[in-house]
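One structure is given below, encoded as structure tokens.
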Amino acid sequence: MTRRSLNIEYSEFNSLNDLSAEDKVLAEAAIEATANSYSPYSRFKVGAALRLSDGTIVKGSNQENMAYPSGLCAERTAMFHASATYPDLAMKAIAIAAVQNGELCSTPATPCGACRQVMAEYQKKSGQPMEVLLVGSRKIWKFDRIDDILPFIFDSLARD
């Protein structure tokens, strides 16, 4: 047996004002996207915003349905819309924010496993890293690529 370890590096910011101008715009777009959430069951509003390779920002929000699991997360809503509308543009970065009880969550909400895998697929399709910004009111975490939030990405059916 061999023991191994995994080290994941990320940046932590205390406020939106600590971000670069480009990342601040993306984070604010994710926060704005929470307003379009349809979440009558969980009352947990999630917004996502993607920055595409040409600078276009595409937003998505979680969409719930009484017939769970027929709803869809904000991240996948944004990514599927971007892929359908701008199929030739790479997804360079995604920001995710969540609101509960009318307030931006203090700690960043993290994407579910299905969303992480879809992010990985689009990162692989583009051949370049996709940055991830997880936005909270007291902390913002920035990851350089999807691999940092999904270290053992499902990307092949056969391995040597």
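What follows is calculated from the coordinates using simple rules that are stated; it is not laboratory data. Just so we're clear, the structure is a prediction, and the values are computed from it rather than from any experiment. For neighbour counting, all protein chains shown are included, and Cβ atoms are generated from backbone atoms with ideal geometry for every residue, glycine included.
Before moving on, here are some points about what is shown:
- When peptides 57-66, 32-41 are ranked by their average number of other Cβ atoms within 10 Å per residue, the highest-first order is 57-66, 32-41.
- Relative contact order (%) - the stretch 11-148, alpha-carbon pairs under 8 angstrom, separation at least six: 24
- Fully extended contour minus Cα-Cα distance, from residue 101 to residue 124, at 0.36 nm per residue: 4.7 nm
- Using the Cβ of residue 149 as centre and a radius below 13 Å, the other residues enclosed give a net charge of -3, where K and R count +1 and D and E count -1.
- For the stretch 54-160, the number of Lys pairs with C-alpha atoms closer than 18 Å, counting only pairs eight or more positions apart or on separate chains, is 4.
- Multiplying the residue separation of residue 139 and residue 65 by 0.36 nm and subtracting their alpha-carbon distance yields 23.6 nm.
- Per-q log10 I(q)/I(0), the stretch 18-77, q = 0.12, 0.20, 0.26, 0.28 Å⁻¹ (Debye; single scatterer per alpha-carbon; no solvent): -0.31, -0.70, -0.97, -1.06
- Separation of alpha-carbon centers, the stretch 115-155 and the stretch 1-74, rounded to whole Å: 10
- Likely footprinting exposure, 155, 54, fewest C-beta neighbours within 10 Å first: 54, 155
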